[in-house]
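Colleague: Attaching a single structure in structure tokens format; questions to follow.
The values are calculated or read from the model by the stated rules, or taken from the named source; none is laboratory data. Given the structure is predicted, the values throughout are model-derived calculations rather than measurements. Using ideal geometry, Cβ is built from the backbone for each residue, glycine included, and neighbour counts are taken over all protein chains shown.
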Amino acid sequence: MAGTIVRVAALADLHCTKTSQGAFQNLFTRITEAADIAVIAGDLTDYGLPEEAAVLAKELTSLRIPVAAVFGNHDLESGKSVEVRQILTDAGVKMLDGDACELQGIGIAGVKGFGGGFGCHALAPWGEAIIKQFVHEAVDEALKLEAALARLRTKYIVALMHYSPVQQTVDGEPLEIYPFLGSSRLEEPISRYPVSLVFHGHAHRGPRASRAARGRDQNRCEGLQRLDAAADPDVRRSPALPRHRRADGRG
């Protein structure tokens, strides 16, 4: 409908644990009052356990708007992703992994993404087999994102992922971990489709705005966005809930 504004709430890195009962209810209630749809850019759970997903599913009863989400690296830690996905799907979350959905007229394409680095410093598939496997994982995620974007015919499109598609939204993190925070291969399909917004998580620091490759504006997500005008895609870092980085460096 012409003139309709859809408010998009974006968040990431919930890291829900088995003891998180009640931790998100106030947040989800506020989001329900402020937004029309919500997207969650990965790390919904802390160790990828079904018990953690069950806690989050109960918390999500306070979020009374349509929700789409992707997995993050934490959600795969325990090898229980099938069970975790089913629990969250049963709770009404549209779980995306190379898939697309439509919420309130907004098309959403989602993948987890992967690492590998950015631009001329991106890891190349050369040398040891394990290096090639690492790079091919990032390539496969980019292909999944492209396939999901190709399915959408909505006027406005959101690309949702856990890993960053650009370096600009991870600047401020230790340089040594840049290759593990995202991959510019994820940016390639975004540039070929009329994407309105891009949300990602994983990195817990980053600038609010910067100029990226191809002249596109890259911005850190403020948590609530309005899709009411066509524009070049923004890449926005979804805000993680306040938490301290672990001593072991796991993000």
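Colleague: What pairs can you find where one residue is in the stretch 124-136 and within 16 Å of G182 (Cα to Cα), the other is of a type in the set (A, V, I, L, M) and loosely packed, with under 13 Cβ neighbours inside 10 Å, and their Cβ atoms are less than 8 Å apart, with a gap of 6+ or different chains?
Modeller: V135/A124
Colleague: Residue check: is R214 at pLDDT below 55, surrounded by fewer than 21 Cβ atoms within 10 Å (Cβ to Cβ) and assigned to a helix (DSSP H, G or I)?
Modeller: yes
Colleague: Still on this structure, I have one more. Limited to the stretch 158-180, what total is found for residues that are among the hydrophobic types (A, V, I, L, M, F, W, C) and surrounded by 24 or more Cβ atoms within 10 Å (Cβ to Cβ)? Steps first, please.
Modeller: Of the residues in the stretch 158-180, the ones among the hydrophobic types (A, V, I, L, M, F, W, C) are 158-161, 166, 170, 175, 177, 180.
Narrowing further to those that are surrounded by 24 or more Cβ atoms within 10 Å (Cβ to Cβ): 158-161, 166, 170.
Qualifying residue count, the stretch 158-180: 6.
Colleague: Another one. Quick check on I65: is it surrounded by 22 or more Cβ atoms within 10 Å (Cβ to Cβ) and either within 22 Å of L145 (Cβ to Cβ) or within 19 Å of the chain's Cα centre (by Cα) (or both)?
Modeller: It is false that I65 is surrounded by 22 or more Cβ atoms within 10 Å (Cβ to Cβ) and either within 22 Å of L145 (Cβ to Cβ) or within 19 Å of the chain's Cα centre (by Cα) (or both).
Colleague: Additional query: Kindly check whether there is at least one residue in the stretch 23-41 that is acidic (D, E) and at pLDDT 95 or above. Before you say what the answer is, go through the steps one by one.
Modeller: Our first condition is that a residue be acidic (D, E); within the stretch 23-41, this holds for 33, 36.
Applying the additional criterion that residues be at pLDDT 95 or above yields none.
So far as the stretch 23-41 goes, no, none of its residues is acidic (D, E) and at pLDDT 95 or above.
Colleague: (1) at pLDDT 95 or above; (2) over 17 Å from H200 (Cβ atoms): which one isn't true of A68, the others all being true?
Modeller: Only one criterion is unmet by A68, namely (2).
Colleague: Could you give me the residue pairs with C-beta distances under 7 Å whose first residue belongs to the stretch 1-28 and is of a type in the set (V, I, T) and crowded, with 23+ Cβ neighbours inside 10 Å, whose second residue is at pLDDT below 90 and assigned to a loop (DSSP other than H, G, I, E, B) wherever it lies, and which are 6+ apart or on separate chains?
Modeller: Listed by first residue and then by second, the contacts come to nothing, as the list is empty.
Colleague: Turning to a different aspect of this structure: Which members of the stretch 110-130 meet the condition of being charged (D, E, K, R) and within 17 Å of the chain's Cα centre (by Cα)?
Modeller: Of everything in the stretch 110-130, just one residue is charged (D, E, K, R) and within 17 Å of the chain's Cα centre (by Cα), namely K112.
Colleague: Now for a separate question. Suppose we filter the stretch 58-97 for residues that are in contact with a strand residue (DSSP E or B) (Cβ under 8 Å, 6 or more places away or on another chain) and of a type outside the set (S, T, Y); how many remain? I'd like the intermediate steps shown before the answer.
Modeller: Here is the first cut: in the stretch 58-97, the residues in contact with a strand residue (DSSP E or B) (Cβ under 8 Å, 6 or more places away or on another chain) are 59-60, 63, 65-72, 74-75, 84-85, 88-89, 92-97.
Of the ones still in play, those that are also of a type outside the set (S, T, Y) are 59-60, 63, 65-72, 74-75, 84-85, 88, 92-97.
Final tally of qualifying residues: 22.
Colleague: Moving to a separate point now. Being within 17 Å of L44 (Cβ to Cβ), under 13 Å from the mean Cα position of the chain (by Cα) and crowded, with 16+ Cβ neighbours inside 10 Å narrows it down to one residue among L96, L145; which is it?
Modeller: After applying the criteria, what remains is L96.
Colleague: Going by the structure shown, is A240 modelled with pLDDT under 50, among the hydrophobic types (A, V, I, L, M, F, W, C) and out of contact with any Gly (no Cβ under 8 Å at 6 or more places or on another chain)?
Modeller: It is false that A240 is modelled with pLDDT under 50, among the hydrophobic types (A, V, I, L, M, F, W, C) and out of contact with any Gly (no Cβ under 8 Å at 6 or more places or on another chain).
Colleague: Next question, about the same structure. Of the residues in the stretch 140-195, how many are touching a Phe, Trp or Tyr at 6+ places or on another chain (Cβ under 8 Å), over 21 Å from A124 (Cα atoms) and in a helix (DSSP H, G or I)?
Modeller: Selection size over the stretch 140-195: 2.
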